[in-house]
Each structure stands twice: as structure tokens, then as C-alpha cells.
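> Got a structure for you, questions after.
The values are calculated or read from the model by the stated rules, or taken from the named source; none is laboratory data. All figures in this text were calculated on a predicted structure; none of them were measured in a lab. Neighbour counts are summed over all protein chains in view; Cβ atoms, including those assigned to glycine, are modelled from backbone coordinates with ideal geometry.
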């Protein structure tokens, strides 16, 4: 039918498959939109989870500080924390580093 003109063959195929190609394109857009929405939602959830983890780590560090002041042993798991003691101590050091700057700003 179109042996010597590949462009005519391609045009003929496009004409025959136009509806299927439009549907395929529509499905692709829907899937891409769904993927974009899912990625956005995932990033929001990850951000919220990191924020909550940081808040909980700060709470553990302040509790460690109070226990140290009162000479009470501190086992994070006894207070329901899943952080290691070195993690909590590191956060406490970070909080101590911030305290003088916060006082100067006040």
C-alpha cells in the first residue's frame, strides 16, 4: 500500500489508531498526575515525620538533662523513647549550644 513512502505509512497508522492514541495519552496524563500527587503527599508525610521525630528527640534530651540534674539514671526505653543514649546526648549538646544565643537575643 505505502511501500516506498514511510511518512504516508506513518500518517495512515496515526489515522487508524487516532482514538487509541488519544486514550493512551489521556491515561498517561492521569497516571502522571496521580504520581505527582502521590510524591507530594509522600514528601509532606516525610516532613511531618521528621518534625515529630525532632520534637521527640528534644523532649528526650530535656528529660535526660533533668534526670542528670537530679542524679537519676536515665534509660530512654523506660520513658518510651526509641532513641539511643548517644543520640539524645548529642541533641542535648545542640540545645546547650543554642541556649546562650537565645539568652543574648532576649
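> Right, residue 47: touching a helix residue (DSSP H, G or I) at 6+ places or on another chain (Cβ under 7 Å) and assigned to a helix (DSSP H, G or I) or not? Full working, then the answer.
Values: touching a helix residue (DSSP H, G or I) at 6+ places or on another chain (Cβ under 7 Å): no; assigned to a helix (DSSP H, G or I): yes.
No, not satisfied.
> Here's something else I'd like to know. Inspect segment 19-42 for any residue being under 30 Å from residue 90 (Cα atoms) and at pLDDT 95 or above and give the result as yes or no.
Yes - at least one qualifying residue is present in segment 19-42.
> Answer yes or no: is there a residue in segment 43-59 that is more than 21 Å from the chain's Cα centre (by Cα) and at pLDDT 95 or above. Lay out the reasoning, then the answer.
Taking segment 43-59 and keeping what is more than 21 Å from the chain's Cα centre (by Cα), we get 59.
Still in the list and also at pLDDT 95 or above: 59.
Yes, the conditions are met somewhere in segment 43-59.
> Now for a separate question. Would you tally the residues in segment 60-84 being touching a residue at least 12 places away in the same chain (Cβ under 8 Å) and either in contact with a strand residue (DSSP E or B) (Cβ under 9 Å, 6 or more places away or on another chain) or part of a helix (DSSP H, G or I) (or both)?
8
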